[in-house]
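Inspection log for the structure reproduced underneath, given as structure tokens.
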Amino acid sequence: MPEAVTIPARFNGPPSSANGGYTCGLVAGLVGAEEVTVSLRRPPPLETPLSVVFDGERVELRDGDALVADGEPTELLLDVPEAISPEEAAAASSAWRDRWVDPHPFPTCFACGPDREPGDGLRIFPGALDGGMFAADWTPDESVDDGSGHVRHECLWAALDCPTSAPVANFANGPAMVLARLTARLGCSVEVGERHAILSWPLAVDGRKRQGACAMFDSAGRLLCASQALWIEVRSE
């Protein structure tokens, strides 16, 4: 097991810190379970060696003495809605594109930033459906290949991150949100070059705390993986 990991600058969320889902995926990979919950304790720094600390089944990432993130095995219990097709997801994404892109607080985000080029960012842009749900299509490209034709673990966690914010986001009407905790179940591998649908839905809103979930389906409607996230509104200065 590695004694330290470094998050490359490519995988940012906000401009000066790492994408939350990518960071959670790094921790989850070190935990090594199918279902893992990861909490982010502070903005994960980029291009900085982070110490890996093992404590039984729990794994921590530390920047010096500062705790950045910690994760451990869990059980994810979600009622997942029925699958939609990538075509339906693409139609929702296209119809909502301006409303996602124009007020985006972090346009260079690796997962959902509109300023990232194809082959660099994931370019996942959720769009609204009926019933408060959102959807986006996603075709992983070769830049996230793990060498076996499947999406790298941490990049898959990134894809399961930002869509959970869409059903509970403020968009242009309130403060930005940042990821505080991500729990995911990776049941099946996700193939590079294949088209997928990501469906997200709201769970709860409690003051500055907002919870959402998402699921990823292949073109045959098979559930591949799912996640649940806790988001926190950024305090106004």
**Prompt:** Can you run phi through the Karplus equation (6.51, -1.76, 1.60; θ = phi - 60°) for segment 100-109 and list ³J(HN,Hα) in whole Hz, with x for Gly and Pro?
**Reply:** 8, 6, 4, x, 4, x, 9, x, 9, 4
**Request:** Compute the separation of the alpha-carbon centres of segment 137-213 and segment 1-28 and state it in Å as a whole number.
**Result:** 15 Å
**Message:** From the alpha carbon gyration tensor of segment 14-107, can you work out the equivalent ellipsoid semi-axes (sqrt of 5 times each eigenvalue) and give them in Å, largest to smallest?
**Reply:** 31, 21, 9
**Message:** Would segment 97-170 count as rounded, prolate or oblate if I go by the C-alpha gyration tensor, calling it rounded below 1.5 in a/c and otherwise prolate when a/b exceeds b/c, oblate otherwise?
**Reply:** prolate
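For segment 74-215, just say rounded, prolate or oblate: build the C-alpha gyration tensor, square-root its eigenvalues into a ≥ b ≥ c, call rounded for a/c under 1.5, and beyond that prolate if a/b exceeds b/c, oblate if not.
Because its axes are fairly even, with a/c under 1.5, segment 74-215 counts as rounded.
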**Request:** Rounded to whole Å and sorted largest first, list the principal axis extents of the Cα atoms in segment 48-157.
**Result:** 46, 33, 33
**Request:** Among His104, Ala69, Gly32, pick out the residue whose Cα is farthest towards the positive end of the charge dipole of segment 28-124, where Lys and Arg carry +1 and Asp and Glu carry -1 on C-beta, about the Cα centre.
**Result:** His104
**Complete:** Note: probe point = Cα of Ala33 + 7 Å toward Cβ; backbone nitrogen < 14 Å; residues of segment 180-198 passing the test are 182-186
**Request:** Show the residues, 5+ positions off or on another chain, whose built amide H is closer than 5 Å to the amide H of Met177.
**Result:** Val234
**Complete:** Residues of segment 162-179 with backbone N under 18 Å of the label point set 7 Å from the Cα of Val205 along Cα→Cβ are 163-179
**Item:** ³J(HN,Hα) computed for each position of segment 121-127 - Karplus, 6.51 cos²θ - 1.76 cosθ + 1.60, integer Hz, glycine/proline x
**Value:** x, 7, 6, 9, 10, x, x
**Request:** Please turn the phi angles of segment 163-168 into ³J(HN,Hα) values with the Karplus equation 6.51 cos²θ - 1.76 cosθ + 1.60 (θ = phi - 60°), one per residue in order, whole Hz, x for glycine and proline.
**Result:** x, 5, 7, 4, x, 10
**Message:** Can you list residues from other chains, or at least 5 along the same chain, whose modelled amide H is less than 5 Å from the amide H of Arg41?
**Reply:** Ala69, Asp70
**Request:** Normalising by the residue count of segment 47-115, find the relative contact order in percent from Cα pairs under 8 Å and 6+ residues apart.
**Result:** 14 percent
**Prompt:** Fully extended, how many nm does the chain gain between Arg235 and Arg99 (0.36 nm per residue separation, minus their Cα-Cα distance)?
**Reply:** 46.7 nm
**Prompt:** Glu35's amide H: which non-local residues (gap 5+, or another chain) put their own amide H closer than 5 Å, with H modeled 1.01 Å from N in plane and none for Pro or chain starts?
**Reply:** Thr74
**Fill in**
For segment 1-78, the percent of accessible surface on carbon and sulfur atoms (probe 1.4 angstrom, ligands and nucleic acids excluded) is 46 percent
**Asked** Hey, if you drop one equal point scatterer on each alpha-carbon of segment 55-101 and run the Debye formula without solvent, what base-10 log of I(q)/I(0) do you get at q = 0.15, 0.18, 0.20, 0.33 Å⁻¹?
**Response** -0.74, -0.74, -0.75, -1.13
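The values are calculated or read from the model by the stated rules, or taken from the named source; none is laboratory data. Please read all numbers here as calculations on a predicted model, not as lab measurements. For neighbour counting, all protein chains shown are included, and Cβ atoms are generated from backbone atoms with ideal geometry for every residue, glycine included. These area figures cover heavy atoms from the full protein model, side chains too; ligands, DNA and RNA do not enter into them. Shrake-Rupley method; radii C 1.70, N 1.55, O 1.52, S 1.80 Å.
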